[in-house]
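K.L.:
Sharing a structure, written as C-alpha cells. Questions coming.
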C-alpha cells in the first residue's frame, strides 16, 4: 500500500516529513537514550523541546509578548468551558455568535456558568451564512464575546469578504480557531483569547493551544479547581501537571515544518489556491455538486458539498477511496461529502480530488 | 547510542516491542493508507482500535460489566476535580486520606466544590507512613472516600501488610491508581471509581483511564459543563469530543503487550521481585543508602532513597547515567534519588541498578 490523500476533518493529515522524523527518532531522541515519549516533561531535553515549540509558534503567528501561550490537555471543548470559569463572574453575561455546530457546543458548555446571550445565530438558515455584525445583539458588560473563526462541520468561516469582526472595546473577543489557525496571518492583538485543538492545522491530536492576553489572567472568574485555572497553567509553563508531552513534541515538529515551508503567508497562498480549485469544481459542475454556503463566508479549510442525486453519494465515496482520496464522508450532522484541506494537504491533493469529481460526473452525471 | 534503563517516574519507559510496532506502522496503519494518528476517531479503523483497547483492559484488570471504562484527555489531576463535580452535591462532605503529595493535590482540586474532610494524613510524619484505618475520622454521609493507592513521589503504597482498606458501606471508595494500576490483580468491585494517568504503568502520556461503577453515573453532582460530565463521556463511548486517539492507540498496544507477557499476575511477580532487589540493596548498605518509608507501606513502584552523604548524590546520579541508568534524580519535593520501576522496567534493569549501587558504595563509601 502507499499513503493516500487524506481529507479527514481531524484527526487529520500530518506532513509526511514530520511523520518520518517522528518515526526515525521514536525509540531514541537525540542522545537521550530513550524516546521523547518516555522522558520526564521536566527533563532538560523535553524542556528544550517545549520551549522551542512555543518560540516557533510565537514566530509563526507573530504572537505579541503580552500574550501567554499554553499547551494543554483536553480538547477545544474543554477550553470552551474554561473560558467561562476563568473570565466571567458567576452568572455574568457572555455573548456568543453561533455560526455552526461548534458554536452551539461552545454555548452548551457554559450554560451552568454564565448568562449566555446568543448575540447572533445562523441556525435558522441552516448555518449557511453568518449574520452581519451590524445585527448582533451584544450585552452590556459582557465578560467576553465568543466567535468560532471557522466551523469545521458547516464549512463557514469569517472572511474579509464578510467584513471585519467588530471592535468590542473593553469586552475581549474570544475565538475558537481550531480548524483554521496558522492557515493565514492572524492579528492576535485583536483577540483576548484564541484557542485551537491541534489535530487539524497544527498537527497531532491530544494537545490544545491557548493564546491569552496576560492581563486577562488576573480576572477572578469563578470558584474552580486549580487544574481549571489558566493563570496556574501559565505560571507553571503549562506544566502544572504532566502535560501531553509527546503530542506537544509532535506539534513542535509541525511548527518547524510550517516555518520551513514559508510560514503563514505561504499557507495563506496555498489555502486560497486549494479553496479556489475545490469551489470551482463544485460551482462549475452545473449543479451535479452543490455547496450551500454564502460565498462571502465559505470556509477555506472545510468544504462540505452534496451530490444532486444523494443516491450517488455512497458510490462517490467508495470510488474516491479506491482512487486514493480518503475520508471524504460528510459529518453525520450534515451528511453528503466533506473535504478538509488543512495545511498538510498539498495543492496536488485538491487537484486530484477536483479531477476525480469531474471524472465521476462524466461517468455518472 | 543505545537505549538505556530508564527509571523516570512518568512519562516513563515504554515496552520496546510497543515502540517498535508503533514505529513500524507510524506512516501507515494496516491498510488505512494513513497513520493511525491521522484518521478520524469515528472511522471504522479507529473504532476497532478503541474497542479492542477497552476489551483488553477489561480482560487485564477483570473489570466487571457494571463498570464503565473511559479513555479521557486531561491527566489524573483533572479527574481529581471531576470526581467532586460528578459525584458530590455542592458543599457535600467528601473524605480524603492524604498519604503523600498527590493526595494533597487531589484535596486541593476540590476545595471549591465540597466540604473536604481530611480523614487521615501522613504529613506530620513526612508521609513516611499511612495512618491505620482504625484511626481514620470519616464523615457521616460523605459523597465518597478518596485514597491514593500509590504515592509516586513519597514512595508510599497501600499494601496487604498495612491491612485492608476499610469497608465503606454506601460511601463509594475512589482511588488514584496512576502509578500502580496493572502492577498486580485489582478487585475493582471494592471501588466506586478508579482513575489512572496512563504515563506510568499503562504506557503513553496524554490519556487517562477512568473505571467507574455505572450506577454512580446517575448521581446529579454539581452544575457543570457537559465536557466535565462523566455520564456524557460514558454515553458517547469516550468520544464526546475528539479523544487523544493516538495516545489511546499506544495504550492499547501496551495492554496487548501486558496480556502477552502473562497479565497482572505475572507483573505482580515481577514487581515483587524488583522491589525486593532494590530495597535489599538499600537496606543492606549499612546506612550508605536510606529509604525512610515504613516497611509495611513501601511502594513497589517508586523507591525514593537518600545517600548518607548527600554531597555524593550528584556524583551518584551522573555516574549512574554514564552506566546507562537514567532519570534517577529524586523529585524536587524530596530530593535524593528515586527509581521508578513500572511494568516496562525489566528485572534486569533493577538488577543493574542494584549492582551499580553496590559498586558505587565500594568506591565512595
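The values are calculated or read from the model by the stated rules, or taken from the named source; none is laboratory data. All values reported here derive from a predicted model rather than from experimental measurement. Cβ atoms come from the backbone with ideal geometry, glycine included; neighbour counts cover every protein chain shown.
K.L.:
Name the single residue, out of those in the stretch A:166-193 being assigned to a strand (DSSP E or B) and free of Cβ contacts under 8 Å to residues at least 40 places away in the same chain, that is nearest to the other protein chains (Cβ to nearest Cβ).
P.N.:
So the residue we want is A:175.
K.L.:
Among the residues of the stretch B:11-42, what is the count of those that are outside any loop (DSSP other than H, G, I, E, B) and in contact with a strand residue (DSSP E or B) (Cβ under 7 Å, 6 or more places away or on another chain)?
P.N.:
The qualifying residues number 1.
K.L.:
Among the residues of the stretch B:107-128, write down those that are touching a residue at least 60 places away in the same chain (Cβ under 8 Å) and within 13 Å of residue A:224 (Cα to Cα).
P.N.:
Across the stretch B:107-128, the qualifying residue is only B:113.
K.L.:
Which residue, of B:154, B:101, is at pLDDT 95 or above, within 27 Å of residue B:275 (Cβ to Cβ) and within 14 Å of chain A (Cβ to nearest Cβ)?
P.N.:
B:101
K.L.:
With the requirement that a residue be touching a helix residue (DSSP H, G or I) at 6+ places or on another chain (Cβ under 8 Å), part of a loop (DSSP other than H, G, I, E, B) and crowded, with 24+ Cβ neighbours inside 10 Å, what does the stretch B:100-137 give you?
P.N.:
Answer for the stretch B:100-137, where residues must be touching a helix residue (DSSP H, G or I) at 6+ places or on another chain (Cβ under 8 Å), part of a loop (DSSP other than H, G, I, E, B) and crowded, with 24+ Cβ neighbours inside 10 Å: B:113, B:114, B:127, B:130.
K.L.:
When you check residue B:106 against the structure, is it closer than 24 Å to residue B:293 by Cα and within 14 Å of chain A (Cβ to nearest Cβ), yes or no?
P.N.:
yes
K.L.:
Could you list, in sequence order, all residues of the stretch A:1-19 that are under 14 Å from residue A:203 (Cα atoms) and free of Cβ contacts under 8 Å to residues at least 12 places away in the same chain?
P.N.:
A:19
K.L.:
Spot the failing condition for residue B:209; the list is (1) under 20 Å from the mean Cα position of the chain (by Cα); (2) assigned to a helix (DSSP H, G or I), and only one is missed.
P.N.:
(2)
K.L.:
Hey, another quick one. Do any helices (runs of 4 or more DSSP H) entirely within the stretch A:216-299 hold 2 or more residues that are in contact with a helix residue (DSSP H, G or I) (Cβ under 6 Å, 6 or more places away or on another chain) and more than 25 Å from residue A:50 (Cα to Cα), and if so, which?
P.N.:
Filter on the stretch A:216-299 gives A:263-283.
K.L.:
Restricting the search to the stretch B:194-207, which residues are closer than 27 Å to residue B:89 by Cβ, within 14 Å of another protein chain (Cβ to nearest Cβ) and out of contact with any helix residue (DSSP H, G or I) (no Cβ under 6 Å at 6 or more places or on another chain)?
P.N.:
Matches in the stretch B:194-207: B:196 only.
K.L.:
Can you tell me how many residues within the stretch A:43-86 are away from every other protein chain (no Cβ under 14 Å) and in a helix (DSSP H, G or I)?
P.N.:
Of the residues in the stretch A:43-86, 12 are away from every other protein chain (no Cβ under 14 Å) and in a helix (DSSP H, G or I).
K.L.:
Which of the residues spanning the stretch A:21-42 are under 30 Å from residue A:323 (Cα atoms) and more than 7 Å from chain B (Cβ to nearest Cβ)?
P.N.:
Selection gives A:21, A:24.
K.L.:
Looking at the stretch B:1-29, which of its residues are at pLDDT 95 or above, over 25 Å from residue B:303 (Cα atoms) and surrounded by fewer than 18 Cβ atoms within 10 Å (Cβ to Cβ)?
P.N.:
Within the stretch B:1-29, B:17, B:20, B:21, B:23, B:24, B:25 meet the criteria.
K.L.:
Another one. Which residues, counting only those in the stretch A:139-164, are surrounded by 17 or more Cβ atoms within 10 Å (Cβ to Cβ) and farther than 20 Å from residue A:303 by Cβ?
P.N.:
A:142, A:143, A:144, A:145, A:146, A:147
So that you can scan it fast, the table gives a plain yes or no per residue for (1) within 21 Å of residue A:205 (Cα to Cα); (2) surrounded by 15 or more Cβ atoms within 10 Å (Cβ to Cβ); (3) under 20 Å from the mean Cα position of the chain (by Cα):
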site	(1), (2), (3)
A:248	yes, yes, yes
A:251	yes, yes, yes
A:256	yes, yes, yes
A:259	yes, yes, yes
A:264	yes, yes, yes
A:267	yes, yes, yes
A:272	no, no, yes
A:280	no, no, no
A:287	no, no, no
